[in-house]
Amino acid sequence: MNDPLILVVEDDKAVRNLITTTLKTHDYRFLTAATAGEALLESTSHNPDVMLLDLGLPDMDGVEVIRRVRSWSNLPIIISARSEDTDKIEALDAGADDYLTKPFSVEEVLARLRVTQRRLALLGRDGASPVFRNGELEIDYAAGVARL
Ligand code: CA
């Protein structure tokens, strides 16, 4: 788990920049997405180690993003939501692993990532092999093979 790849999904540019600057400073690799559509595309094409997911996205409910990702991957998902967002519970039930309450500090983001990395190390997820399936298409990330 050296240099884990984090997918940062956030439509607020200022918040996104704050997170990516923090990740860069702490030697994490990252990808960004400003919409749910981009998030799903990036997660299927790059198979990140962790997804930081803003629940309030312009094009799709964040909970739906979690459901779609969970249909093919156990990728850890840390959601971020305002304290008054009731869908935080729904998101956790849909398969989110942890959450950040907005506004959060960068230290808290880093702490949540460390927690997630420790869990992954315990689970030995490095040996897991997520397989993405969409109709006839199948992508086996561990084997580096795509089948149709
Ligand atoms: Ca948002």
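The values are calculated or read from the model by the stated rules, or taken from the named source; none is laboratory data. None of these values were measured; they are calculated from a predicted model. Heads up, the Cβs are rebuilt from the backbone with ideal geometry, glycines too, and the neighbour counts pull from every protein chain shown. SASA here: full protein model, heavy atoms, side chains in, ligands and nucleic acids out. Shrake-Rupley method; radii C 1.70, N 1.55, O 1.52, S 1.80 Å.
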| request: Mind putting a number on the dipole of the range 12-93 about its Cα centre? Charges go on the C-beta only, +1 for Lys and Arg and -1 for Asp and Glu, and I need it in Debye to the nearest 20. | output: 300
| field | Among Leu123, Ala81, Val106 the positive-end extreme of the charge dipole of the chain (Cβ point charges) | value | Leu123
| task | Quote the FRET efficiency, to the nearest 0.05, computed for Arg82 versus Leu148 with a Förster distance R0 of 35 Å and r equal to the Cβ-Cβ distance. | result | 0.25
| field | Percent RCO, i.e. relative contact order, over the chain, from Cα pairs under 8 Å lying at least 6 residues apart | value | 18
| query | Using modelled amide H (1.01 Å from N, peptide plane; none on Pro or chain starts), what sits under 5 Å from the amide H of Asp12, excluding residues fewer than 5 places away? | reply | none
| request: Report, by chain and number, residues whose modeled amide H sits under 5 Å from the one on Lys102, excluding near sequence neighbours (fewer than 5 apart, same chain). | output: Ala81, Arg82, Ser83
| Net charge over other residues, Cβ less than 14 angstrom from the Cβ of Arg133 (K, R count +1; D, E count -1) | 0
| query | When ligands, DNA and RNA are left out and all protein chains stay put, how many square angstrom of accessible area per residue does the chain have with a 1.4 Å probe? | reply | 53
| So what's the gap between the Cα centers of the range 67-82 and the range 46-62, to the nearest angstrom? | 7
| remark: The percentage of the accessible area of the range 25-148 (probe 1.4 Å, all protein chains present) made up of carbon and sulfur atoms, to the nearest whole number, is 50
